[in-house]
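**Student:** Before I ask anything, here is the structure I am working with.
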Amino acid sequence: MAGAPQISQPDSLYRPARISRHKTASTKLTEAEYAQVEQIAGSRGQWLSEWVRDVLLAAIREQRSPQTVAAFTELQAIRLLLVNTLEPLLRGEKMTPEQFKEMLRYVKTNKRKAAADMLASYAEGASEQP
């Protein structure tokens with residue numbers, strides 16, 4: 001209509017075109033929980049379903065990938081090796097090649113448990129002990 005005033009919507013109401021999705025994941029919430037998630041979604045300028053989807057997908061991305069687990073395990077192996085070899089060396093003790101090979105075997109055997117224990121302590125919120 002010519003000459004009719006254009007009504008513009010505030011940027012917070014603008015929503016990008018939706019991608020067609022056909023699967024649903026649902027949950028039940030209390031009134032208080034629903035009010036919280038609705039408020040958070042609104043404060044971010046998102047539909048409730050968009051915010052929930054973003055949170056779910058972010059949680060999936062944060063899951064430990066095999067590469068991340070392997071890298072963390074190897075990091076713990078280096079830590080085990082350093083802690084168990086530096087302490088005697090700092091006391092002035094010598095390490096024979098056989099002792100070093102035994103230390104490497106120990107590290108290889110125990111690195112996965114050390115990594116799992118460290119992750120568990122982080123999950124519990126425990127502080128690292130010397």
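**Student:** All but one of (1) exposed (fewer than 13 other Cβ atoms within 10 Å of the Cβ); (2) closer than 29 Å to V37 by Cα; (3) not small (G, A, S) hold for R105; which doesn't?
**Tutor:** Condition (2) is where R105 drops out.
**Student:** Now for a different question. Got a number for residues in the range 12-36 being modelled with pLDDT of 85 or more and open to solvent by 90 Å² or more (accessible area, probe 1.4 Å)?
**Tutor:** Of the residues in the range 12-36, 8 are modelled with pLDDT of 85 or more and open to solvent by 90 Å² or more (accessible area, probe 1.4 Å).
**Student:** Among E62, E87, which is the only one that is within 20 Å of A123 (Cβ to Cβ), loosely packed, with under 14 Cβ neighbours inside 10 Å, without any contact (Cβ under 8 Å) to a residue 60 or more places away in the chain and among the acidic types (D, E)?
**Tutor:** E62
**Student:** Kindly establish whether Y122 is aromatic (F, W, Y) and under 24 Å from S65 (Cβ atoms).
**Tutor:** The answer is yes for Y122.
To keep it simple, each residue is scored yes or no on (1) in a helix (DSSP H, G or I); (2) on the phi > 0 side of the Ramachandran plot; (3) in contact (Cβ under 8 Å) with a residue 60 or more places away in the chain; (4) over 24 Å from the mean Cα position of the chain (by Cα).
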{"residue": "S20", "(1), (2), (3), (4)": "no, no, no, yes"}
{"residue": "K23", "(1), (2), (3), (4)": "no, no, no, yes"}
{"residue": "S26", "(1), (2), (3), (4)": "no, no, no, no"}
{"residue": "L29", "(1), (2), (3), (4)": "no, no, no, yes"}
{"residue": "E33", "(1), (2), (3), (4)": "yes, no, no, no"}
{"residue": "Q36", "(1), (2), (3), (4)": "yes, no, no, no"}
{"residue": "I40", "(1), (2), (3), (4)": "yes, no, no, no"}
{"residue": "R53", "(1), (2), (3), (4)": "yes, no, no, no"}
{"residue": "A58", "(1), (2), (3), (4)": "yes, no, no, no"}
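The values are calculated or read from the model by the stated rules, or taken from the named source; none is laboratory data. Just so it is clear, the structure is predicted and the values come from calculations on it, not from any experiment. Don't worry about glycine lacking a Cβ; one is built from the backbone with ideal geometry, like all the others, and counts go over all protein chains shown. These accessible areas exclude ligands, DNA and RNA; they are computed on the full protein's heavy atoms, side chains included. Shrake-Rupley method; radii C 1.70, N 1.55, O 1.52, S 1.80 Å.
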